[in-house]
Amino acid sequence: MSTLTVTINRLGAHGHGIANTAEGPVYVPHALPGETVAIARNGSHGTLLSTAISSPDRVAPLCRHFDPDRDACGGCSLQHLAEQPYMDFKRDLVVEALRSKGLTPHVEPLVTCDLGQRRRTVFSARRTDKGLLLGFNRAETNHIISVEECPVAAPAIMAQLDALRSIAAALTGGSESFRLTVLETLAGLDVAAEGVKPLDEKRRRAAIETVMRLSAIARVSVNGEILIEPRKPLVDFGGVLAAPPPGAFMQATKEAEDAMAALVLAHIGKAKRVLDLFAGSGTFALRLARTARVHAVEGEDKPLKALDLAARTTPGLKPVTVEKRDLFRRPLTAQELKVYDAVVFDPPRAGAEAQVRELARAGVKKVAAVSCNPLTLARDLRLLVDQGYEIRSVIPVDQFLWSPHVEAVALLQR
């Protein structure tokens with residue numbers, strides 16, 4: 001390890017400042033372009049020691065846990081960056097990913113995210129000699145920082161920190177680390193514990209008794225199995241109520257979900273028969289069913305059952321059919337796709353390369369691509385453009401405030 005003074009040239013894709021040195025780039029968390037800083041260098045990583053020249057874009061962070069001089073929470077990486085440069089950074093992640101594949105469509109300004117909108121929050125928990133830790137991992141480590149505040153998370157979640165600690169304490173059987181995924185629903189908090197040692201009868205009973213005393217908790221599940229469900233946790237997909245399974249994927253903020261859904265629905269327009277791929281619990285399919293017949297395809301059984309139940313019990317929807325299918329191993333073929341007027345796909349971070357190759361051959365008139373990874377989105381869009389699709393617009397959407405993660409909606413037509 002060595003100590004040196006460097007100038008930060010730019011921000012990297014993970015939100016770290018990058019200094020160009022004779023030995024190669026050095027990545028410095030919490031540093032901003034234009035700053036002159038002293039760092040402790042360890043290979044390509046630099047630890048910020050002091051700042052000689054500060055960037056005019058540096059602002060005071062809002063959260064006490066964002067403090068590089070102490071154990072800093074790793075949930076945020078960009079609290080110290082002013083609003084407009086932050087928005088430009090997120091938009092540029094999408095622009096540069098597309099450019100890397102030779103694509104230069106118009107990219108709209110970032111759809112922004114506000115404080116307190118994160119309805120889905122993943123905590124880390126572990127019992128120690130000093131008590132239970134509940135919080136987030138320190139940046140780039142497995143060390144848990146116990147938190148007392150989080151300006152990003154929904155107030156309804158942060159108001160129940162003590163309740164969540166009591167649930168975690170009742171569940172833990174030792175010193176193992178585990179996760180609590182907490183989702184704000186219309187019925188209360190849905191708490192999904194993953195990585196917990198199998199419950200013996202004593203711990204099971206203690207956990208159930210703990211939850212029964214907590215009025216804000218709708219459901220607690222352990223390793224995918226429901227432990228107790230005082231109320232059915234419900235989410236609102238554009239006026240259609242659905243009960244997702246424990247720990248199911250949900251968009252991190254309702255505001256971002258609504259914005260993305262509005263873009264997709266406006267693009268799909270009057271299409272009569274729509275295919276929703278990687279449909280989850282119905283984020284897009286249930287909204288689309290207001291005006292179109294929808295076929296929803298999803299690889300996991302439980303979210304698909306939640307989607308199907310919501311569709312069958314909501315009056316006024318067009319017919320919704322469902323299919324369980326691993327779209328990575330067995331994508332819908334071009335021939336199967338030809339019967340649809342429009343296709344929506346929202347895959348995991350790996351993207352949908354195999355499925356997009358078939359889609360590109362099928363020639364469906366309208367396509368809406370939703371992605372949480374600009375790099376795999378760019379790869380998939382390149383495949384579509386090469387087969388005659390035109391990218392009408394790309395809209396970056398922020399729902400992971402002060403992180404380097406950005407969603408994007410790409411709207412295409414052939």
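The table below lists the values:
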| quantity | calculated |
| --- | --- |
| Of the criteria (1) at negative phi; (2) touching a Leu at 6+ places or on another chain (Cβ under 9 Å); (3) not in a helix (DSSP H, G or I), which one residue 204 fails | (3) |
| Residue count for region 171-192, restricted to those that are closer than 18 Å to residue 116 by Cα and part of a loop (DSSP other than H, G, I, E, B) | 1 |
| Count of residues meeting criterion [touching a helix residue (DSSP H, G or I) at 6+ places or on another chain (Cβ under 7 Å), closer than 14 Å to residue 277 by Cβ and assigned to a loop (DSSP other than H, G, I, E, B)] in region 306-343 | 5 |
| Qualifying residue in region 258-274 (condition: more than 22 Å from residue 365 (Cα to Cα) and open to solvent by 50 Å² or more (accessible area, probe 1.4 Å)) | yes |
| Among (1) in contact with a Phe, Trp or Tyr (Cβ under 9 Å, 6 or more places away or on another chain); (2) surrounded by fewer than 17 Cβ atoms within 10 Å (Cβ to Cβ); (3) of a type outside the set (A, V, I, L, M, F, W, C), the one test that residue 333 misses | (1) |
| Search result, residues across region 153-170 that are open to solvent by less than 10 Å² (accessible area, probe 1.4 Å) and not in a helix (DSSP H, G or I) | 153, 154 |
| In region 403-414, residue farthest from residue 374 (Cα to Cα) [restricted to those that are open to solvent by 10 Å² or more (accessible area, probe 1.4 Å) and more than 13 Å from the chain's Cα centre (by Cα)] | 414 |
| Pick from region 366-402, criterion touching a residue at least 60 places away in the same chain (Cβ under 8 Å) and in a loop (DSSP other than H, G, I, E, B), ranking: most open to solvent (accessible area, probe 1.4 Å) | 400 |
| Of residues in region 344-361 being among the hydrophobic types (A, V, I, L, M, F, W, C) and open to solvent by 10 Å² or more (accessible area, probe 1.4 Å), the one modelled with the highest pLDDT | 354 |
| First in region 248-268 and within 11 Å of residue 368 (Cα to Cα) and touching a residue at least 24 places away in the same chain (Cβ under 8 Å), second anywhere and of a type outside the set (A, V, I, L, M, F, W, C) and in a helix (DSSP H, G or I), Cβ under 6 Å, 6 or more apart | 261/287 |
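The values are calculated or read from the model by the stated rules, or taken from the named source; none is laboratory data. Predicted model only: the values in this text are computed from it and were never measured. In this analysis, Cβ positions are derived from the backbone assuming ideal geometry, glycine residues included, and neighbour counts consider all displayed protein chains. Areas reflect the complete protein model, heavy atoms only, side chains present, ligands, DNA and RNA absent. Shrake-Rupley method; radii C 1.70, N 1.55, O 1.52, S 1.80 Å.
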